[in-house]
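The values are calculated or read from the model by the stated rules, or taken from the named source; none is laboratory data. On a predicted model such as this, the values are computed, not experimentally measured, just so you know. In this analysis, Cβ positions are derived from the backbone assuming ideal geometry, glycine residues included, and neighbour counts consider all displayed protein chains. The area values use the complete protein model at the heavy-atom level, side chains included, leaving out ligands, DNA and RNA. Shrake-Rupley method; radii C 1.70, N 1.55, O 1.52, S 1.80 Å.
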Amino acid sequence: MSGPLLVTGASGAIGTRLATDLTAQGVRLRLLDRRTPAVRPPAGAEFVQAHLRDQDAVDKAAVGACAIIHLAGSSQEGPFADMVEHNITGTHHVLEAARRQRVPRVVLASSHHVTGLNPASGPEDAPLAPDSFYAVSKVTMEALGYLYAHKGGMEVVAVRIGSCRPRPSEPRHRVTWLSPRDATILLYAAATRPLTSRFLTLYGTSGNAERWWPRTGWGTLGYQAADSADRHPDPGPLTDRWTGGAFADHQLPT
Ligand code: 15L
């Protein structure tokens, strides 16, 4: 890789861990967040403080980047306007910056909630069924990714992240858990491994024995999970009706 790898939302939980792991592997990073990092960025990593609503600032941060891992945005359900600003407009600005600066690959942090209103007992190849305004913003993120992959001169990988937590703590995590270590392995592979198509969507979990989603795309990226929920104490019987869990059960915010 030539230029630095740009990571947006770098001060969040996944971004902080990714930065630590990749710096230890000798990867050059440029970290972007609107917040100052809670912990000092790893030595050698550049830090850019900017809001994604500022297209010029995002353009500047993308100059010379070899790829972008876009983690910034709201990670919870919220009012529709917030989802539009943080997850849809923010993603548009990142993809637009990649197009203008000719960044060859963008990885989008999508979510399994794009199919969250499918029954937990259902088949693996569940159709799109967003379970929240948050999930609708992630469907739109994927749609923007598809558009820019075909018309913006870049490759795009959308990773439908499961439940990224230090350890599984709820029954559904037996299926949805993505360990922080596996998040780094998967996101870095998504940013760097050769693809067989310009646009790829895949689910991101650890190597849990129970599964709701296909593992399509894992082979393309050479992703082999290091962790599995099965090596942790069983968090109890599954009671979820929908794969989206609480996101699917909650009323829409007003
Ligand atoms: C997500 O997509 C959310 O961003 C995260 O906060 C978790 O709630 C996760 O899904 C999950 O379903 O566990």
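Things worth noting here:
- A 1.4 Å probe run over the chain, with the rest of the protein chains in place, finds 45 Å² accessible per residue.
- Cα-centre dipole for the chain with unit charges at Cβ (Lys and Arg positive, Asp and Glu negative), debye to 20: 700 debye
- Just the protein heavy atoms count here, and of the accessible area of segment 98-254 at 1.4 Å, carbon and sulfur take up 52 percent.
- For segment 60-202, the percent of C-alpha pairs falling in each 10 Å distance bin, counted from 0 to the bin holding the largest distance, reads 12, 40, 37, 11, 1.
- Considering the chain, its Cα convex hull presents a mean projected area of 12.8 nm².
- Using only alpha carbons, segment 69-131 has a radius of gyration to Kirkwood radius ratio (Rg to Rh) of 1.07.
- Contact order for the chain, expressed relative to its length and based on alpha carbon pairs under 8 Å spaced 6+ residues apart, stands at 18 percent.
- Prolate/oblate/rounded label for segment 104-172 (Cα gyration tensor, a/c 1.5): prolate
- Amide H contacts under 5 Å for GLY204: ARG160, ILE161, GLY162, restricted to partners 5 or more places along the chain or on a different chain, H placed in the peptide plane at 1.01 Å from N.
- Peptides 84-94, 54-64, ordered by how many other C-beta atoms sit within 10 Å of their residues on average, highest first, read 84-94, 54-64.
- Of the peptides 192-201, 128-137, 230-239, the ranking by mean beta-carbon count within 10 Å, highest at the top, reads 128-137, 192-201, 230-239.
- Rounded to the nearest 500, the helix-only mean residue ellipticity at 222 nm of the chain stands at -8500 deg cm²/dmol, with each DSSP H run of n ≥ 4 adding -39,500 (n - 2.57).
- Once the Cα atoms are used to define both axes, helix 133-151 deviates from the longest principal axis of the chain by about 50 degrees.
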